[in-house]
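Structure first, commentary second.
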Amino acid sequence: DRQTLVAVLQFLRRSNLRESEEILRREARLLGDDLGGNVAAVATSSPGVAAVAAVPPGKGGNVAAVATSSPGVAAVAAVPPGKVSSPSSKVTRSGDVIGGAVVVEDQPDVSAVLSAYNQQGDPTLYEEYYSGLKHFIECSLDCHRAELSQLFYPLFVHMYLELVYNQHESEAKSFFERFHGDQECYYQDDLRVLSSLTKKEHMKGNETMLDFRTSKFVLRISRDSYQLLKRHLQEKQNNQIWNIVQEHLYIDIFDGMPRSKQQIDAMVGSLAGEAKREANKAKVFFGLLKEPEFDVPLDDEDEEGENEEGKPKKKKPKKDNVGSKSKKQDPNAPPQNRIPLPELKDSDKLDKVMNMKEAARRVRLGPECLPSICFYTFLNAYQGLTAVDITDDSSMIVGGFADSTVRVWSVTPKKLRSVKTAADLSLIDKESDDVLERIMDEKTASELKILYGHSGPVYGTSFSPDRNYLLSCSEDGTVRLWSLQTFTCLVGYKGHNYPVWDTQFSPYGYYFVSGGHDRVARLWATDHYQPLRIFAGHLADVTCTRFHPNSNYIATGSADRTIRLWDVLNGNCVRIFTGHKGPIHSLAFSPNGRFLATGATDGRVLLWDIGHGLMVGELKGHTDTIYALRFSRDGEILASGSMDNTVRLWDAVKAFEDLETDDFTTATGHINLPENSQDLLLGTYMTKSTPVVHLHFTRRNLLLAAGAYSSQ
């Protein structure tokens with residue numbers, strides 16, 4: 001559309017943005033060939049004169065998109081990566097939607113992001129504006145006050161940053177000192193970062209700042225409260241605040257009763273406010289996949305001579321309570337072939353049989369029958385224990401250490417042995433029955449193997465379900481795959497450029513996930529050296545990662561205080577859970593796949609219903625960061641382990657029974673959390689001075705815990 005192009009070019013000329021105009025002119029000549037296919041769209045997004053040119057990808061992808069986002073007149077030209085842009089072109093943050101044009105870029109250029117803080121009001125009146133709004137909200141009716149109070153924090157931050165950006169340092173300082181005490185206690189850490197930004201120069205390159213600027217802060221407010229606010233701001237002609245509300249906040253308005261203070265407090269606290277309601281609407285297949293069927297051969301000792309003729313009698317009645325749920329397809333399960341899963345090998349089938357036998361002897365846990373807890377204490381771990389994992393059959397335990405080593409112990413009498421050398425292997429009779437025993441080299445047998453290879457602290461470890469491999473991730477930015485047959489490193493996966501905080505194998509093996517300081521989680525397959533999926537969306541480090549039991553979804557917890565659930569198939573984010581007041585450090589899915597438990601530095605365990613996308617419970621009791629969460633094998637008990645040196649057991653059955661998950665709750669987030677943490681707490685177990693880093697239920701429901709003794 002030539003008229004549009006001409007209009008944009010004239011606008012650029014009026015604004016003295018010659019370079020941008022030149023770029024667009026050059027591109028326009030390219031576009032001249034087929035103007036039909038590539039129409040530049042123009043949109044204005046605010047009261048000032050603003051134009052946005054968005055050009056569809058496909059025409060070489062190097063068309064400069066020009067965007068403005070502030071009421072002042074400002075234009076930003078973004079040039080896609082790979083093209084050398086003229087030095088003056090400014091680039092905005094990845095995926096930032098500016099007035100209708102999505103400009104995708106890797107490196108945020110701070111000046112572009114900040115340009116929206118153009119001077120708007122009289123700096124001396126900021127305190128008056130804010131205190132005026134504060135007075136209005138505090139004097140409004142109780143039912144609206146709780147909802148409107150959510151505005152205090154985002155407005156405070158944006159007004160402060162606006163003052164700093166426009167170099168009114170003394171006004172900014174007095175504004176901060178006057179109002180920072182009014183903010184909710186859970187924003188303390190953010191305010192500490194904010195208080196250090198006192199000059200315009202400080203704002204360059206400050207990540208927290210950029211996040212706040214580029215992601216709209218989400219508030220959920222009922223229509224009545226919103227109308228009240230709008231009326232007040234328009235009567236007062238308080239454009240300064242109204243502009244911030246329109247530009248930097250996303251108000252998710254719902255019809256119905258306003259929410260109470262408790263309901264709001266339960267859900268807020270993350271870096272970007274609550275999740276939009278749309279974020280948790282997508283369908284999630286949280287059911288379990290059908291187990292492959294095969295007969296369970298009998299153990300002689302179990303039968304104790306009941307069937308003298310030696311007929312292989314099927315152990316049906318005994319197996320029923322365990323295997324019965326896998327018979328019929330779960331209605332909420334994903335299609336069996338939704339994502340390709342590895343074929344079962346013979347050894348896996350044997351392991352499944354072993355698992356079923358163990359399960360038949362499993363202790364049924366409950367309030368009357370609590371598990372025994374066996375604690376593995378790492379003594380003299382002066383290297384600094386940073387990660388622990390235990391194999392599913394509880395035969396090996398691995399520790400990741402700050403001195404960059406990975407140490408594997410056998411916790412059964414069976415020692416760890418490596419496979420013989422190639423020369424020795426060629427002498428073995430391949431047909432013999434005990435060939436798997438013969439290939440092991442007895443001379444290498446030991447209780448402990450140390451794996452060297454990382455060049456920084458090891459923050460995450462994970463055994464593969466078949467116990468042949470081990471993953472470790474480290475501060476050095478790599479994830480390593482080790483063989484437990486040879487105890488050597490097979491692959492180093494390089495994708496993260498910064499520390500990798502956590503990694504975990506899929507319950508079916510083959511796939512694994514990693515999350516790190518670069519704010520993304522990556523999905524890998526052991527035989528690909530590039531990630532298969534990159535899950536981007538968190539606003540701060542991805543601190544922990546977990547696979548859903550059906551392997552179709554991955555949960556990630558982050559320092560932005562949110563938990564996200566991602567679909568492995570297409571990489572989409574299908575759930576965003578907000579409510580924690582500190583970085584998330586532990587995640588656990590219930591064995592039936594319906595619920596998720598999360599633990600954070602705020603010492604609370606929150607429980608989520610994945611299908612409805614709702615918070616359904618809060619377990620209070622721990623006084624420090626929760627680093628470990630695990631459900632018992634049948635999901636009756638949730639165990640949590642914390643830096644406060646305790647393991648706590650919670651009644652999971654009771655926590656999840658008769659939940660109110662009607663459509664109204666789902667639509668508005670009017671959640672009513674029962675105040676029954678104490679009724680659900682079944683036991684608290686102190687260690688002498690050992691923070692709990694890992695928990696694991698054995699196949700017979702014995703609880704194993706691990707941590708390093710700290711001698712303060």
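Take Ser426 and tell me if it is open to solvent by less than 60 Å² (accessible area, probe 1.4 Å), out of contact with any Asp or Glu (no Cβ under 6 Å at 6 or more places or on another chain) and without any contact (Cβ under 8 Å) to a residue 40 or more places away in the chain.
No; evaluated as a whole, the condition is false for this residue.
Restricting attention to the stretch 464-491, and to residues there that are hydroxyl-bearing (Ser, Thr, Tyr) and either in a strand (DSSP E or B) or open to solvent by 50 Å² or more (accessible area, probe 1.4 Å) (or both), which single residue is nearest to Tyr452 (Cα to Cα)?
If we take residues in the stretch 464-491 being hydroxyl-bearing (Ser, Thr, Tyr) and either in a strand (DSSP E or B) or open to solvent by 50 Å² or more (accessible area, probe 1.4 Å) (or both), then Thr488 is nearest to Tyr452 (Cα to Cα).
Could you please give the count of residues in the stretch 367-406 that are on the phi < 0 side of the Ramachandran plot and either in a strand (DSSP E or B) or under 28 Å from the mean Cα position of the chain (by Cα) (or both)?
26
Within the stretch 464-471, is there a residue that is under 23 Å from Lys349 (Cα atoms), within 31 Å of the chain's Cα centre (by Cα) and among the charged types (D, E, K, R)?
Within the stretch 464-471, one or more residues are under 23 Å from Lys349 (Cα atoms), within 31 Å of the chain's Cα centre (by Cα) and among the charged types (D, E, K, R).
Identify all residues within the stretch 244-289 that are assigned to a loop (DSSP other than H, G, I, E, B), open to solvent by 30 Å² or more (accessible area, probe 1.4 Å) and under 25 Å from Cys143 (Cα atoms); write none if there are none.
If the condition is that a residue be assigned to a loop (DSSP other than H, G, I, E, B), open to solvent by 30 Å² or more (accessible area, probe 1.4 Å) and under 25 Å from Cys143 (Cα atoms), then Asp255, Gly256, Met257, Ser260, Lys276 are the ones that fit.
Any idea which of Asp518, Asp502 is part of a strand (DSSP E or B) and open to solvent by 10 Å² or more (accessible area, probe 1.4 Å)?
From the options Asp518, Asp502, the qualifying one is Asp502.
Can you work out which of the residues in the stretch 413-423 that are surrounded by 13 or more Cβ atoms within 10 Å (Cβ to Cβ) and assigned to a loop (DSSP other than H, G, I, E, B) is modelled with the lowest pLDDT?
Lys420
If Gly205 satisfies all but one of (1) under 32 Å from the mean Cα position of the chain (by Cα); (2) on the phi < 0 side of the Ramachandran plot, what's the number of the condition it fails?
Of (1) under 32 Å from the mean Cα position of the chain (by Cα); (2) on the phi < 0 side of the Ramachandran plot, only one is false for Gly205: (2).
If we scan the stretch 417-439, do we find a residue that is more than 30 Å from the chain's Cα centre (by Cα) and under 30 Å from Leu649 (Cβ atoms)?
no
Only one of Gln227, Gln167 is open to solvent by 30 Å² or more (accessible area, probe 1.4 Å), at positive phi and more than 31 Å from the chain's Cα centre (by Cα); which?
That would be Gln167, the only listed residue that is open to solvent by 30 Å² or more (accessible area, probe 1.4 Å), at positive phi and more than 31 Å from the chain's Cα centre (by Cα).
Is one or more of the residues making up the stretch 550-559 free of Cβ contacts under 8 Å to residues at least 60 places away in the same chain, closer than 21 Å to Leu629 by Cβ, assigned to a loop (DSSP other than H, G, I, E, B) and out of contact with any Phe, Trp or Tyr (no Cβ under 7 Å at 6 or more places or on another chain)?
yes
Among the residues of the stretch 129-164, which ones are open to solvent by less than 10 Å² (accessible area, probe 1.4 Å), more than 25 Å from His202 (Cβ to Cβ) and more than 30 Å from the chain's Cα centre (by Cα)?
Leu133, Ile137, listed by residue number.
The conditions are (1) open to solvent by 40 Å² or more (accessible area, probe 1.4 Å); (2) modelled with pLDDT of 90 or more; (3) assigned to a loop (DSSP other than H, G, I, E, B), and Ile339 fails exactly one of them. Which is it?
Of the numbered conditions (1) open to solvent by 40 Å² or more (accessible area, probe 1.4 Å); (2) modelled with pLDDT of 90 or more; (3) assigned to a loop (DSSP other than H, G, I, E, B), the odd one out for Ile339 is (1).
Out of curiosity, is Ser472 under 27 Å from Asp403 (Cα atoms) and among the hydroxyl-bearing types (Ser, Thr, Tyr)?
So Ser472 fits the description; yes.
The values are calculated or read from the model by the stated rules, or taken from the named source; none is laboratory data. Just so you know, these numbers come straight off a predicted model, no measurement behind them. Virtual Cβ from ideal backbone geometry, glycine too; neighbours counted across all protein chains shown. Keep in mind that these areas ignore ligands, DNA and RNA; they rest on the heavy atoms of the full protein, side chains included. Shrake-Rupley method; radii C 1.70, N 1.55, O 1.52, S 1.80 Å.
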